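Worksheet: one structure, shown below.
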Amino acid sequence: RPRAFSGIQPTAGSFHLGNYLGAIRQYVALQETHDAFYSVVDLHAVTVPQDPAELRANSRLAAAQLLAAGLDPERCTLFVQSHVPEHAQLAWLMNCITGFGEASRMTQFKDKSARHGADQATVGLFTYPMLMVADILLYDADAVPVGEDQRQHLELTRNLAERFNSRFGATFKVPEPHILKEVAKIYDLQDPSVKMSKSASTPKGLVNLLDEPKATAKKFKSAVTDTDTEIRFDAEAKPGVSNLLTIYSTLTGAGIPELEQKYAGKGYGALKTDLAEVMVEFVTPFRERTQAYLDDPETLDSILAKGAEKARTVASETLAQAYDRVGFVPAK
Ligand code: TYM
């Protein structure tokens, strides 16, 4: 079986619809075809200030949501990044083969450091992409399911894998991004020119999976469309409507042409009302399942402990090989 790896940050409160459609759904699908490893990346989270109690709660909440979304601990390996020290250890080697200028060109660092103020940005935020590279390379991943915003980090991963291999001998698999075009970028419901995100979206444009279903329905009913009335997929001319059609199509399995036909001659109101209903049907059981995992922290923690053990078996072997190639004295 080919390998898959992906990581997701333990964000405050809830994952949003962009995380789910762009990434988490693909995690769920790939457990059927791949030997899949998924990590709640708490080491990445501390690149910006975190309240310790909240971070701990958010990491468990992230794991609970991933399980509620359909990750099955019998079919994939789910773990918390800080439980597997090899991530930080391999990241060091990656830091040491990355050019300062190369790291400076990472657009997500530029965006985030601009947002936090250049003086507030930590060295950890700067070296974040090399930690992500280490995450992926430790598992010899073939496929890395992510949204469009991670593409540049995947290119860096490929470059560093090739660089290490050519300098020290074949060690790492060079991974491929697994980015599904249709859902690679889900947009803000109020401003369909920007991607849905915790940091950039307005509260009304951001769909949190764990929000009250009624509040979520309301957001869809007041989603921004355009002054035209035609329900047609056209990402350039009709970004708002197209975003709604993408969400609708992905959640129900109905094709876009089918939806265009279904709503031909009907107003935007009908589309929004139906989509609000589709969302409510999706998030209601999702919230319940998440809560059930949170209500049983022992089971949750034991799933994560088993996951970490499995992950370490693979990660420690890869790290040992990389250490050996670099010329470190064996620690026997
Ligand atoms: P993160 O935690 O910001 O986001 C998790 C996943 O959600 C995707 N995503 C979206 N997809 C479509 N539309 C959107 N609006 C949208 N917003 C977010 C992201 O692309 C991502 O796949 N650096 C990563 C975490 C990470 C990682 C890794 C990923 C750490 N190590 C190794 C893959 C492999 C991040 O911050 O994602």
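Let me check I've understood the local charge: for Thr77, count other residues with C-beta under 12 angstrom from its C-beta, Lys and Arg +1, Asp and Glu -1. What total comes out?
Once all neighbours under 12 Å are counted, the net charge is +1.
Which value, in debye to the nearest 20, describes the size of the charge dipole of region 166-226 about its Cα centre when Lys and Arg Cβ atoms bear +1, Asp and Glu Cβ atoms bear -1, and nothing else is charged?
For region 166-226, the charge dipole is close to 140 debye.
With +1 assigned to the C-beta of every Lys and Arg and -1 to the C-beta of every Asp and Glu, and no other charges, what is the dipole magnitude of region 61-148 about the Cα centre in debye, to the nearest 20?
Value, rounded to 20: 340 debye.
Rank Gly255, Pro239, Val194 by how far each Cα sits towards the positive end of the charge dipole of region 183-312 (+1 on Lys, Arg Cβ; -1 on Asp, Glu Cβ) and give me just the farthest.
Among Gly255, Pro239, Val194, the one farthest towards the positive end of the dipole of region 183-312 is Val194.
Which far-off residues, 5 or more places away or on another chain, put their amide H under 5 Å from the one on His16, with H placed in the peptide plane?
So His16 has HN proximity to Leu209.
Could you estimate the translational diffusion coefficient of region 19-88 from the Stokes-Einstein equation, with Rh from the Kirkwood formula over C-alpha pairs, at 4 °C and 1.567 mPa s, in whole µm²/s?
My calculation gives 101 µm²/s for D.
Round to a whole angstrom and tell me the spacing of the C-alpha centers of region 205-263 and region 284-330.
Each part reduced to its Cα centre gives a spacing of 36 Å.
Is region 28-163 rounded, prolate or oblate when judged by the Cα gyration tensor, a ≥ b ≥ c being the square roots of its eigenvalues, rounded requiring a/c under 1.5 and prolate requiring a/b larger than b/c?
It is oblate, given that a/c is not under 1.5 and a/b is not larger than b/c.
Could you work out how much longer the chain between Ser302 and Glu74 gets when fully extended? Use 0.36 nm per residue separation minus the Cα distance between them, nm to one decimal.
On the way: separation 228, 0.36 × 228 = 82.08 nm, distance 1.28 nm.
Extra length from Ser302 to Glu74 when fully extended: 80.8 nm.
Against the longest principal axis of the chain, how steep is helix 268-294, in degrees 0 to 90 to the nearest 10, with axes from Cα atoms?
Between the helix axis and the principal axis of the chain, the angle is about 40 degrees.
Can you list residues whose amide H is under 5 Å from Val194's amide H, if they're 5+ apart or on another chain and H is modeled 1.01 Å from N?
Hits under the 5 Å cutoff: Asp188.
What distance in nm separates the two pseudo spin-label positions at Lys262 and Asp51, each 7 Å out from Cα along the beta-carbon direction?
Taking the simple label geometry, Lys262 and Asp51 are separated by 4.1 nm.
From the helices alone, meaning DSSP H stretches of at least four residues, give me the mean residue ellipticity at 222 nm for the chain, per-run term -39500 (n - 2.57), in deg cm²/dmol to the nearest 500.
About -16500 deg cm²/dmol.
I'd like the Karplus ³J(HN,Hα) series for region 233-241: coefficients 6.51, -1.76, 1.60, θ = phi - 60°, whole numbers in Hz, and an x wherever there's a Gly or Pro.
Residue by residue, region 233-241 yields 7, 7, 4, 6, 7, 9, x, x, 4 Hz.
Return the FRET efficiency for the residue pair Thr202, Phe328: r is the Cβ-Cβ distance, R0 is 51 Å, and the value is rounded to the nearest 0.05.
0.55
Could you give the C-alpha radius of gyration of the chain expressed as a fraction of 2.2 N^0.38 Å, taking N as the number of residues it contains? Provide the component values of the computation, followed by the final result.
Working: Rg = 20.7 Å, N = 332, 2.2 N^0.38 = 20.0 Å.
My calculation over the Cα atoms of the chain gives 1.04.
Every number here is computed from the coordinates shown, using simple stated rules; none is lab data. Keep in mind that what you see is a predicted model, and the values were worked out from it rather than measured. Cβ atoms come from the backbone with ideal geometry, glycine included; neighbour counts cover every protein chain shown.
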